[in-house]
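J.: The structure's right below; bear with me while I get my questions together.
The values are calculated or read from the model by the stated rules, or taken from the named source; none is laboratory data. From a predicted model like this one, the values you see are computed outputs, not experimental measurements. As a convention, Cβ positions derive from the backbone with ideal geometry for all residues, glycine included, and neighbour counts pool all protein chains shown.
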Ligand SMILES: Nc1ncnc2c1ncn2[C@@H]1O[C@H](COP(=O)(O)OP(=O)(O)O)[C@@H](O)[C@H]1O
Ligand SMILES: [Mg+2]
C-alpha cells in the first residue's frame, strides 16, 4: 500500500508542531507501523528527538529535509526508506514559497497545532486562509485539521477559531493539555505511546483523535471495501472571516 503522509505545520513557532509530529511517530513505532519522521526545520528538533531514542526504542526512520547551507544537495539525507507506511513531516515556523509548496506537494493530510493565545489563534486563521487560497489543498484533495495545544483548564479562547473552522467545514480534532508528560517525552525521545502504562494515560487518550484521523484512509481500506473518504467540505464560496 502506498505511504500515507502527514504534514504538521503552522506559521507560528512554538505552537506544538514537533510535539505532535514526534508523538504521532511514537504511536506508529509502538504499533509496529513502519514510519519515517522528516524534519524540514533547520533547528532539527525532530531529528534530535530521534537521536535521543538511541537504539533502545522501537525503530523509526529519520530524514533531514532542512534547507542546507551553501546549496548542499538534500536528496540523500531526505531519502525515505521504501518500506515506510507512514511519513510525518515536521515543518519549520514561517515556511513559505518553494519550501511550503514542496511540503504540500508531498502530503496527504495536514495537522495544524495552535497554542492558546489570541495572537496565535489569529495568526493561525490567517495561515489557513493563505493555505486555502493557494489552491493546492483543493486540487490535491489534501485533508486538513486543527488541534489545540497546551490547553490549561477550560480556557474559552478557542471559540472564535472553532466557529471559523466550522464555517469552512474543517475539523477541530482535540485539545492537548499543557502537561509535563509531553516535556518528558521531548527530553527522553520516548513518546507518550512508549511510556510505561502508569504514565501519560490521559495524554494518550487526548492524542488518539489525531491518530484516528490520520489513519482514516488506511482504516477505510482495511475494512475490505473502499469507503468514500471524508474530505473537508470546502464550499464554493469559502467565507474568509476573521477569527476575532
Ligand atoms: N502540550 C504541551 N505540554 C507541555 N509542553 C509542551 C506542549 N506542547 C509543546 N510543549 C513544549 O513547548 C515547546 C515548543 O513546542 P514545539 O512542539 O517544539 O513547538 P514547534 O515545533 O511548533 O516550534 C517545547 O519545549 C515543547 O516541549
Ligand atoms: Mg519544531
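J.: What residue, among those in segment 185-206 that are in contact (Cβ under 8 Å) with a residue 12 or more places away in the chain and in a loop (DSSP other than H, G, I, E, B), is surrounded by the most Cβ atoms within 10 Å (Cβ to Cβ)?
T.: 191
J.: More than 16 Å from ligand 2 (Cβ to nearest atom) and either at pLDDT below 95 or not in a helix (DSSP H, G or I) (or both): does that describe residue 41?
T.: Criteria not met by residue 41.
J.: Does at least one position in segment 146-168 carry a residue that is within 29 Å of residue 2 (Cα to Cα) and within 16 Å of ligand 2 (Cβ to nearest atom)?
T.: Within segment 146-168 (the criterion being within 29 Å of residue 2 (Cα to Cα) and within 16 Å of ligand 2 (Cβ to nearest atom)), the answer is yes, since at least one residue qualifies.
J.: Out of the residues in segment 49-76 meeting the condition of being more than 16 Å from residue 24 (Cα to Cα), within 21 Å of the chain's Cα centre (by Cα) and free of Cβ contacts under 8 Å to residues at least 60 places away in the same chain, tell me which one is nearest to ligand 1 (Cβ to nearest atom).
T.: 66
J.: Do we have residue 98 as surrounded by 19 or more Cβ atoms within 10 Å (Cβ to Cβ) and either over 23 Å from residue 178 (Cβ atoms) or at pLDDT below 90 (or both) here?
T.: no
J.: Within the bounds of segment 22-32, is there any residue that is surrounded by fewer than 18 Cβ atoms within 10 Å (Cβ to Cβ), outside any helix (DSSP H, G or I) and touching a helix residue (DSSP H, G or I) at 6+ places or on another chain (Cβ under 9 Å)?
T.: For segment 22-32, residues surrounded by fewer than 18 Cβ atoms within 10 Å (Cβ to Cβ), outside any helix (DSSP H, G or I) and touching a helix residue (DSSP H, G or I) at 6+ places or on another chain (Cβ under 9 Å): present.
J.: Any residue at all in segment 1-10 that is out of contact with any helix residue (DSSP H, G or I) (no Cβ under 8 Å at 6 or more places or on another chain) and at pLDDT 95 or above?
T.: Taking every residue of segment 1-10 in turn, at least one turns out to be out of contact with any helix residue (DSSP H, G or I) (no Cβ under 8 Å at 6 or more places or on another chain) and at pLDDT 95 or above.
J.: Residue 92 versus (1) in a loop (DSSP other than H, G, I, E, B); (2) away from ligand 1 (no atom under 14 Å from the Cβ): which is the lone unmet condition?
T.: (2)
J.: Taking the residues in segment 137-157 that are touching a helix residue (DSSP H, G or I) at 6+ places or on another chain (Cβ under 7 Å) and in a helix (DSSP H, G or I) as candidates, determine which candidate is nearest to residue 102 (Cα to Cα).
T.: Among them, the one singled out is 137.
J.: Going residue by residue through segment 115-131, is there one that turns out to be in contact with a helix residue (DSSP H, G or I) (Cβ under 9 Å, 6 or more places away or on another chain), within 16 Å of ligand 2 (Cβ to nearest atom), within 16 Å of residue 171 (Cα to Cα) and modelled with pLDDT of 90 or more?
T.: Checked against the condition, which is being in contact with a helix residue (DSSP H, G or I) (Cβ under 9 Å, 6 or more places away or on another chain), within 16 Å of ligand 2 (Cβ to nearest atom), within 16 Å of residue 171 (Cα to Cα) and modelled with pLDDT of 90 or more, segment 115-131 yields at least one hit.
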